[in-house]
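The values are calculated or read from the model by the stated rules, or taken from the named source; none is laboratory data. Note that this is a predicted model, so its numbers are computed, not measured. Here the Cβ positions follow ideal geometry from the backbone for every residue, glycine too, while neighbour counts run over all protein chains shown. These accessible areas exclude ligands, DNA and RNA; they are computed on the full protein's heavy atoms, side chains included. Shrake-Rupley method; radii C 1.70, N 1.55, O 1.52, S 1.80 Å.
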Amino acid sequence: MSIWTPYTPQWTAPITNPAIGNGILRGMYTQSDRFVIAVIYIEAGSTTTFGGGLEYSLSLPIPPDLSQPYIGPSRALNSGVAYYSGTCETQTDGLVKVILGSNAGQYWGPTFPWKFKNRDELNASMIYQSATIGS
């Protein structure tokens, strides 16, 4: 039996953090020993502010073992235009950054790969090993 636990990811940027406003920011996870599955969903609303700085970071529900940096796929929607596939990558601070498209080393941010706006979305799915054994 799988038990999912909801959590609210922290969505941050280097200069000014975004604020979800009337958008949606949610996460959920499950853990068995050191094995963690987590998902994050963001949908920008009309009152969402997008922060400042080049790239976004997202918090994980359980600190990751940093020996495996690439922990899952992501998919972003530039509403009404196109979908972008990507990869979730852990950072040394335990946060996750998302690489969208084939631009290795260029992370998702307020203006990359497009200017994030109302009704745009990000879905991230992560499977990783935690830094410690869970209960």
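Residues in the stretch 18-59 that are open to solvent by 50 Å² or more (accessible area, probe 1.4 Å) and out of contact with any strand residue (DSSP E or B) (no Cβ under 7 Å at 6 or more places or on another chain): Asn22, Ser32, Asp33, Ser46, Thr47.
For the stretch 1-63, which strands (runs of 3 or more DSSP E) that fit wholly inside it have 2 or more residues that are among the small types (Gly, Ala, Ser)? Working first, answer last.
Working: elements: 5-7, 24-32, 35-43.
Of the strands (runs of 3 or more DSSP E) lying wholly inside the stretch 1-63, those with at least 2 residues that are among the small types (Gly, Ala, Ser) span 24-32.
Checked against (1) among the hydroxyl-bearing types (Ser, Thr, Tyr); (2) at pLDDT below 95; (3) open to solvent by less than 20 Å² (accessible area, probe 1.4 Å), Ser2 passes all but a single condition, namely (3). If we keep just the residues of the stretch 121-135 that are more than 23 Å from Ala19 (Cβ to Cβ) and open to solvent by less than 90 Å² (accessible area, probe 1.4 Å), which is modelled with the lowest pLDDT? That would be Gly134. Contact map, the stretch 69-92: residues that are at positive phi paired with residues that are not β-branched (Val, Ile, Thr), Cβ distance under 6 Å, separation 6+ or inter-chain. Pairs shown: Gly72/Cys88; Gly72/Ser125; Gly72/Met126. Within the stretch 60-76, being open to solvent by 20 Å² or more (accessible area, probe 1.4 Å) and either over 14 Å from Ile40 (Cα atoms) or modelled with pLDDT under 90 (or both) holds for Pro63, Asp65, Leu66, Ser67, Gln68, Pro69, Tyr70.
So for the stretch 100-120 (the condition being modelled with pLDDT of 95 or more, not basic (Lys, Arg) and not in a loop (DSSP other than H, G, I, E, B)), does at least one residue qualify? No, every residue in the stretch 100-120 fails to be modelled with pLDDT of 95 or more, not basic (Lys, Arg) and not in a loop (DSSP other than H, G, I, E, B).
Out of curiosity, is Gly80 over 16 Å from the mean Cα position of the chain (by Cα) and surrounded by fewer than 21 Cβ atoms within 10 Å (Cβ to Cβ)?
On the way: over 16 Å from the mean Cα position of the chain (by Cα): yes; surrounded by fewer than 21 Cβ atoms within 10 Å (Cβ to Cβ): yes.
It is true that Gly80 is over 16 Å from the mean Cα position of the chain (by Cα) and surrounded by fewer than 21 Cβ atoms within 10 Å (Cβ to Cβ).
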